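Please treat every number below as a calculation from the coordinates, not as lab data. All of these numbers come straight from a predicted model, not from anything done at the bench. Reconstructed Cβ throughout: ideal geometry from the backbone, glycine too, with neighbour counts over all protein chains shown.
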């Protein structure tokens, strides 16, 4: 992202912590959550993904799967 000229973080530290704890570090789950978070941030005009956004995405993902991560 830095090579593309981005100077600010895309994910808040609290969001990264939540992603890590909820996905248990599983790359496929991290990618899924982060992709959804980036789409939502773009749709909402957010420059930084916050933990509240991650919480909503996790809840939606759990509802769709019918299980917790």
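Some values worked out for this structure:
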read-out: Residues of the stretch 1-39 that turn out to be more than 13 Å from residue 50 (Cβ to Cβ) and touching a helix residue (DSSP H, G or I) at 6+ places or on another chain (Cβ under 6 Å), as a count; value: 6
read-out: Some residue of the stretch 37-47 being surrounded by 15 or more Cβ atoms within 10 Å (Cβ to Cβ), assigned to a helix (DSSP H, G or I) and out of contact with any strand residue (DSSP E or B) (no Cβ under 9 Å at 6 or more places or on another chain); value: no
